[in-house]
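The values are calculated or read from the model by the stated rules, or taken from the named source; none is laboratory data. Quantities reported herein were computed from a predicted structural model and do not represent experimental measurements. Here the Cβ positions follow ideal geometry from the backbone for every residue, glycine too, while neighbour counts run over all protein chains shown.
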Amino acid sequence: MTVIPAKLLLNWYACNGRDLPWRVKGGAHPNPYIVFVSEMMLQQTTVKTVIPYFERFMARFPTVKDLAQATEDEVFQYWQGLGYYTRARSLLYTARKVIEKYNGYFPQNIKEIAALKGFGPYSAASFAALAYNLPTTVIDGNVQRIMCRMYRLTAPLEQIQSQIRAYAEVLIDKQNAADYASAIMDLGAMICTPKKPQCPLCPWQKICLCANAADVEQIPQKSKPVKREVSGKVYIIANKKGEVYIRKRIEKGLLHGLYEFLWTEQGDLIKSATDSGLSVSHIFTHIKMMLEIMTVQIDTYDGDGIFVKPEELDIYPMSTLMRKVRMKALKK
Ligand code: SF4
């Protein structure tokens, strides 16, 4: 009897696949907007982290029209803590585009999907499969790991991308692209994990070249990303009324549009500020940031920001780094 790997995987998924708030089993999702929001949130973020954010977001913006009518600040408020704020900006931009250009319906061909702001090759392929059952090849870190182990590809990951794609394309079930895409994600998240893969529970153990192998954790071979260390100063500027100074970041980049306390990577911005002895650190993708917290009392500050009461800071969306500064310095 011929073994069809996709069938083994789909059978396993039908019984063991995760129930997630943005998922349906047995075909494409009937609501592409739900798939869209989840795909944007899941970029560089774990399922566990995303679930509460997704639920709050969908309660506030249940349709693409609701989202398209929101302001950027509102969207940031529901996004703050998830990081990578360019995604939130793209999410809003695309929702407005879907309303204006596509009359409220997401496009259904891969070329137009891939052209939507915020979608990269992976998320476009995943959206197309999950929302429309299009037979795309969805390749992320999970799929890379599984393909390398299934076919014992031991060369460094960066050198074998085309081989991985070729194997992944052969395995996919074109009739059941949505379920297949979800199933292989779950296999990577639940069974073929980076450490201690559960080969005895794997639907592919009989055909996998690394099943139960002693060196399975060493595959795939990756080079470690180098994190740059950055240290600087952040200023809690308070006036006599106890209000603190914040500004909306206008500089282009990851944190554009978010509110922040004044900070600098180099030197001093305010010579009269006192070192509080407190500091915060935060890891961005390739940067480890450490900020010393400085305090100073000034009634006016000649900048583009505003003074606000500490208890009103919730209205102003901030990055995780700035919320750490707020908690540490103001205990709020
Ligand atoms: S048998 Fe083991 S190594 Fe192979 S795909 Fe399954 S979990 Fe991964």
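Some observations on this one:
- Spans of strands (runs of 3 or more DSSP E) in region 203-299 with at least 1 residues closer than 22 Å to L82 by Cβ, away from the ligand (no atom under 16 Å from the Cβ) and of a type in the set (K, R): 244-248, 287-297
- Filtering G232, G141 for residues that are surrounded by fewer than 20 Cβ atoms within 10 Å (Cβ to Cβ), not β-branched (V, I, T) and not assigned by TED's automatic domain parsing to the domain that holds K25 leaves a single hit, G232.
- Residue match in region 189-208 (condition: outside the structural domain of L313 (by TED's automatic domain parsing) and either closer than 30 Å to L262 by Cα or of a type in the set (G, A, S) (or both)): yes
- Tally of residues being within 15 Å of the ligand (Cβ to nearest atom), outside any loop (DSSP other than H, G, I, E, B) and under 24 Å from the mean Cα position of the chain (by Cα) across region 181-202: 9
- So R165, is it out of contact with any strand residue (DSSP E or B) (no Cβ under 9 Å at 6 or more places or on another chain) and either outside any helix (DSSP H, G or I) or in contact (Cβ under 8 Å) with a residue 60 or more places away in the chain (or both): no
- Among the candidates Q144, Q175, Q161, the residue that is more than 16 Å from the ligand (Cβ to nearest atom) and within 20 Å of K224 (Cα to Cα) is uniquely Q161.
- Boolean, W263 is among the hydrophobic types (A, V, I, L, M, F, W, C) and closer than 30 Å to T71 by Cα: yes
- N133 being more than 16 Å from the ligand (Cβ to nearest atom), closer than 26 Å to T45 by Cα and polar (S, T, N, Q): yes
- For E158, the test of being in a helix (DSSP H, G or I), acidic (D, E) and modelled with pLDDT of 95 or more is failed.
- Residues of region 1-59 satisfying the condition of being charged (D, E, K, R) and either in a loop (DSSP other than H, G, I, E, B) or surrounded by fewer than 17 Cβ atoms within 10 Å (Cβ to Cβ) (or both): K7, R18, D19, R23, K25, K48, E55, R56
- Only residues that are closer than 20 Å to K332 by Cα, exposed (fewer than 13 other Cβ atoms within 10 Å of the Cβ) and more than 28 Å from the chain's Cα centre (by Cα) were counted across region 284-320, and they come to 2.
- Subset of region 214-229 [surrounded by 12 or more Cβ atoms within 10 Å (Cβ to Cβ) and touching a residue at least 60 places away in the same chain (Cβ under 8 Å)]: V216, I219, P220, Q221, K222, K227
- All positions within region 146-177 that are surrounded by fewer than 22 Cβ atoms within 10 Å (Cβ to Cβ) and charged (D, E, K, R): R152, E158, R165, E169, D173, K174
- Taking the conditions (1) more than 27 Å from T49 (Cα to Cα); (2) of a type in the set (A, V, I, L, M); (3) not assigned by TED's automatic domain parsing to the domain that holds V138 in turn, I283 satisfies each one other than (1).
- Check on T154, closer than 19 Å to A213 by Cβ and within 11 Å of the ligand (Cβ to nearest atom): no
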